[in-house]
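The values are calculated or read from the model by the stated rules, or taken from the named source; none is laboratory data. Worth saying up front: this structure is predicted, and the values here are computed from it rather than measured. Glycine gets a Cβ as well: all are built from the backbone with ideal geometry, and neighbour counts include every protein chain shown.
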Amino acid sequence: MRLRPVVAADLTTIYRLTSDPEATGEHEWFGWQDRWSYRRRWEATGLLDDDGGVLMVERQSEMLGFVAWSKRQTARTSWYLFMHTQVNRIEAGTEVTNLAEQRALEKAGFTREGVMRGAAFQGGRWRDGAVYSVLRSEVEL
């Protein structure tokens, strides 16, 4: 598997995976979104800047999806991503009923920390989220 920067041709895929109820699946459909928001961000920053970004995930020539992150301060000097920053922690979240994503996070080395009750509004109701993290000391660089 490899991560790579988003190119213009990927923007249609990103929109589909975030806004099409047929493509998002039951755990990621949060309603219709601005069709051009990712394009505007891509034109301005390439979807990569100091505050976060989006990378495409592919295996050989097969597109698997994308990952996104944002800068979230957890202490005075802590931010994100191990290889290119001094970050010590990466956090991920998913809906508690999304067992496939939880298994994928655990397989990728993340540790389940707990449940955030009522964390996301989807499908007309508030849903609980599972919180995972991985620390720099737990990853081979």
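Values for this structure:
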| item | result |
| --- | --- |
| Hey, Gly46 free of Cβ contacts under 8 Å to residues at least 60 places away in the same chain and either within 17 Å of Ala92 (Cβ to Cβ) or under 15 Å from the mean Cα position of the chain (by Cα) (or both) or not | no |
| Close pairs from the range 15-37: first over 19 Å from Leu64 (Cβ atoms), partner surrounded by 13 or more Cβ atoms within 10 Å (Cβ to Cβ) and β-branched (Val, Ile, Thr), Cβ under 7 Å, at least 6 apart | Gln33/Thr18 |
| All positions within the range 83-132 that are hydrophobic (A, V, I, L, M, F, W, C), assigned to a strand (DSSP E or B) and under 14 Å from the mean Cα position of the chain (by Cα) | Ile90, Ala92, Ala130, Val131 |
| Scope the range 31-59; condition out of contact with any helix residue (DSSP H, G or I) (no Cβ under 8 Å at 6 or more places or on another chain) and polar (S, T, N, Q); matching residues | Ser37, Thr45 |
| Filter pass, Leu17 being among the hydrophobic types (A, V, I, L, M, F, W, C), farther than 30 Å from Arg125 by Cβ and either in a helix (DSSP H, G or I) or not assigned by TED's automatic domain parsing to the domain that holds Ala100 (or both) | no |
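For every residue, the table says whether it meets (1) at pLDDT below 85; (2) touching a Pro at 6+ places or on another chain (Cβ under 6 Å); (3) assigned by TED's automatic domain parsing to the domain that holds Arg16; (4) surrounded by fewer than 15 Cβ atoms within 10 Å (Cβ to Cβ).
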{"position": "Gly53", "(1), (2), (3), (4)": "no, no, yes, no"}
{"position": "Met56", "(1), (2), (3), (4)": "no, no, yes, no"}
{"position": "Thr94", "(1), (2), (3), (4)": "no, no, no, no"}
{"position": "Arg125", "(1), (2), (3), (4)": "no, no, no, yes"}
